[in-house]
Amino acid sequence: MLKAENGEFLLDGKPFQVLSGAIHYFRTVPEYWEDRLRKLKALGLNTVETYVPWNVHEPKKGEFHFSDLADIETFIKKAQMLDLYVIVRPAPYICAEWEMGGLPAWLLAEQDMVLRSSHPGFLRHISDYFDVLLPKIEKYLSKHGGPIIAMQIENEYGAYGNDHAYLELFKEQYQKHGIDTFLFTSDGPDFIEQGSLPNVTTTLNFGSRVEEAFGKLEEYKPGSPKMVAEFWIGWFDHWGGEHHTRDPKDVANVFEDLLKINASLNVYMFHGGTNFGFMNGANHYDEYYPTITSYDYDSLLSESGEITQKYREVKNVLRRYVDVPEDVEHEIPTKTYGSVKLEESVSLFDTLQEISTVKENLVPLSMEDAGQAYGFILYSTEVNRKGELNLDTEPFRDRAYVYVNGKLEKTIYINDQEKTVQINFPDDVNTLEILVENMGRANYGQHLTDKKGLIRNIWLGEQYWFHWTMNLIELNVLPSDYAGGKEERFPKFFQGTFDANECHDTFVDTKGFRKGNVFINGFNLGRYWNEMGPQRTLYLPGPLLKEKGNTITVLELEGTTTEDITLVDRPNLG
Ligand code: GLA
């Protein structure tokens, strides 16, 4: 059992330094969990830490998912097999640059929902989820001989709210499920007061200035053990921003500052992984900043699991303080498969019957109110007025293509300064179609309640328009029929096949394409957005490939200069 006593950690009564690294099982294909964990162990760390994303495990209310990328138990067992301890952060709010900070979008369909508070509706849903999740975790607690030594309460709550009754609830929930393990909260050094609880160890999150940070902890909670629950050794990227890197020497120096004072730590991230599918989060301050697909994070292992220079520098520091194991020589090979011809294509508008479900409503419904979590909605209605009409784009989340009578008139983005656009309606009776893309819900701060689609009715030509058809396009299903399409307009699906022979890791170079998603054998690898960058390639892990007959599908939203896509052996993150 882990304990904090007189400013020190004790494990089973003996002084213990938590030397942990973060790996999110849901960001790495299960076939590679062991590889990443072995490399963590070989660095000299003794613990792996992971968040638990509620929206992955309960994608629809009452429907639970614990297989493949969501198989948390296998991940814990693999760590145990390697004699690693495990820290679990079941939150359920995890931030983590993950879609809505891990909260399921279906929560937003309840009109009075108050996230991250003791609002009864929110608590009821957490309690239902914990009834399923926590018994799975409880089995692996150290009291049963398992590897779990600690669990977190909420996540950086001090930077969000002041509802301590909500924080206390976690203790109750954990007690109800027999989770009598070491508990902690974690916050930035400036948010200790609002985020901490009496009788629960306070840990800190930071990337530098060790002395100053622990000074603040000592001021607020004298005699606390020193633990940095997130030692940020890199950073994440947004579409349209730069690719962040942090000097390995600088990281190694701060790492040494921590070791010198015998602090416990969790390297965030040891291995970042990928925001597959539509699971990237976003930040929203003055503007909306969606997170890119890669969660490479400039961490100690690259997105595809390679040992980096930073890993070596950190290991060199660590070996001066603890016995470190031999290096792991094993590197997973990458391969250039070359160019794949995308021989077939079909307009999304010709596939609606197969890939969408239809809803009719008086007013356009937001994605959440329509019962959809991710992807796109095509909203359509009839406009029986002729001429130039002003359209108020305030309710658009996040990016939208506006078509009149089948012709693209405008592309709208949530960050556009101008919130009124003029749209030409050439006929007495026109078809208006608005295809809206959800680019990822905010995972941090005041915009956490982040509904998508059209979040209220549109004001067009100084009036509201009623009676809408909505095609809900979640992209769990891809088109099977590419023949006989009538439309030429984008978005379009492009499809080609290739043999891999050896199924090695590769990177999809999206050059020549503008914006969209790439799927391999139906698995959504994530978004690309070349006009924005910085990311130019998408990581394609070898285990998603078959030796023969792989299908690559590209949903291109805007236009292409090529119908070939190339698979290369190096990433390009900008
Ligand atoms: C905070 C959060 C993490 C993550 C980092 C930034 O510390 O707790 O989930 O968002 O910031 O990467």
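Applying the criterion of being of a type in the set (S, T, N, Q) and in contact with a helix residue (DSSP H, G or I) (Cβ under 6 Å, 6 or more places away or on another chain) to the residues of region 170-191, the residue that is nearest to the ligand (Cβ to nearest atom) is Thr185. When Tyr268, Tyr321, Tyr311, Tyr337 are checked against the criterion of being within 30 Å of Gly101 (Cβ to Cβ), more than 16 Å from the ligand (Cβ to nearest atom) and of a type in the set (Phe, Trp, Tyr), Tyr311 stands alone in meeting it.
Could you look through region 497-520, keep only residues that are farther than 30 Å from Thr411 by Cα and in contact with a strand residue (DSSP E or B) (Cβ under 8 Å, 6 or more places away or on another chain), and pick out the one that is surrounded by the most Cβ atoms within 10 Å (Cβ to Cβ)? Among them, the one singled out is Thr506.
Scanning region 1-44 for residues that are open to solvent by 10 Å² or more (accessible area, probe 1.4 Å), in contact with a Gly (Cβ under 8 Å, 6 or more places away or on another chain) and in a loop (DSSP other than H, G, I, E, B) yields Asn6, Gly7. Which one is nearest to the ligand (Cβ to nearest atom), of the residues in region 116-142 that are assigned to a loop (DSSP other than H, G, I, E, B) and open to solvent by 10 Å² or more (accessible area, probe 1.4 Å)? Result: Ser117.
Checked against the criterion of being part of a helix (DSSP H, G or I), within 20 Å of Met367 (Cβ to Cβ), away from the ligand (no atom under 15 Å from the Cβ) and not basic (Lys, Arg), region 86-106 has at least one qualifying residue. Criterion applied to Glu409, Glu388 was being assigned to a strand (DSSP E or B), open to solvent by 30 Å² or more (accessible area, probe 1.4 Å) and more than 25 Å from Trp239 (Cβ to Cβ), and the one residue passing it is Glu388. Taken over region 531-556, residues that are more than 15 Å from Thr293 (Cβ to Cβ), open to solvent by less than 20 Å² (accessible area, probe 1.4 Å) and in contact (Cβ under 8 Å) with a residue 60 or more places away in the chain amount to 4. Please find, within region 280-300, the residue that is modelled with the highest pLDDT out of those that are more than 16 Å from Trp529 (Cβ to Cβ), away from the ligand (no atom under 13 Å from the Cβ) and open to solvent by 10 Å² or more (accessible area, probe 1.4 Å). Residue satisfying both the conditions and the ranking: His284. Taken over region 312-332, residues that are open to solvent by less than 80 Å² (accessible area, probe 1.4 Å) and either in a loop (DSSP other than H, G, I, E, B) or farther than 22 Å from Asp247 by Cα (or both) amount to 6.
Remark: Gly440 falls outside the filter, which requires a residue to be open to solvent by less than 60 Å² (accessible area, probe 1.4 Å), assigned to a loop (DSSP other than H, G, I, E, B) and modelled with pLDDT under 95. Summed over region 445-475, residues that are in a loop (DSSP other than H, G, I, E, B) and open to solvent by 60 Å² or more (accessible area, probe 1.4 Å) total 6.
Can you pull out every residue in region 45-61 that is open to solvent by 10 Å² or more (accessible area, probe 1.4 Å) and either modelled with pLDDT under 95 or charged (D, E, K, R) (or both)? Selection gives Lys60, Lys61. Screening Gln194 against (1) away from the ligand (no atom under 14 Å from the Cβ); (2) crowded, with 22+ Cβ neighbours inside 10 Å; (3) outside any loop (DSSP other than H, G, I, E, B) leaves a single unmet condition, (2). Here's a check for you: in region 143-169, which residue that is open to solvent by less than 10 Å² (accessible area, probe 1.4 Å) and either among the aliphatic types (A, V, I, L, M) or more than 21 Å from Tyr268 (Cβ to Cβ) (or both) is nearest to the ligand (Cβ to nearest atom)? Filtering region 143-169 for residues that are open to solvent by less than 10 Å² (accessible area, probe 1.4 Å) and either among the aliphatic types (A, V, I, L, M) or more than 21 Å from Tyr268 (Cβ to Cβ) (or both), the one nearest to the ligand (Cβ to nearest atom) comes out as Ile153. Which residue pairs have Cβ atoms under 7 Å apart, sit 6 or more places apart or on different chains, and have a first residue in region 338-355 that is in a loop (DSSP other than H, G, I, E, B) and a second that is among the small types (Gly, Ala, Ser) and surrounded by 15 or more Cβ atoms within 10 Å (Cβ to Cβ)? Close Cβ pairs satisfying both conditions: Leu342/Gly496; Glu343/Gly496.
I'd like the full set of residues that are in a helix (DSSP H, G or I) and without any contact (Cβ under 8 Å) to a residue 12 or more places away in the chain, limited to region 197-225.
Selection gives Gly215, Glu218, Glu219.
Among the residues of region 477-489, just one is open to solvent by 50 Å² or more (accessible area, probe 1.4 Å) and either of a type in the set (Phe, Trp, Tyr) or within 21 Å of Leu545 (Cβ to Cβ) (or both), namely Ser480. If only residues of region 230-263 that are crowded, with 23+ Cβ neighbours inside 10 Å and part of a strand (DSSP E or B) are counted, the one that is nearest to the ligand (Cβ to nearest atom) is Glu230. Within region 391-406, being assigned to a strand (DSSP E or B) and either open to solvent by less than 10 Å² (accessible area, probe 1.4 Å) or over 17 Å from Leu108 (Cβ atoms) (or both) holds for Leu391, Asp392, Phe396, Arg399, Ala400, Tyr401, Val402, Tyr403, Val404.
The values are calculated or read from the model by the stated rules, or taken from the named source; none is laboratory data. This one's a predicted model, so the numbers in the text were calculated from it and none came from an experiment. No Cβ is skipped: glycine too gets one built from the backbone with ideal geometry, and neighbour counts run over all protein chains shown. Note: areas computed on protein heavy atoms with side chains; ligands, DNA, RNA excluded. Shrake-Rupley method; radii C 1.70, N 1.55, O 1.52, S 1.80 Å.
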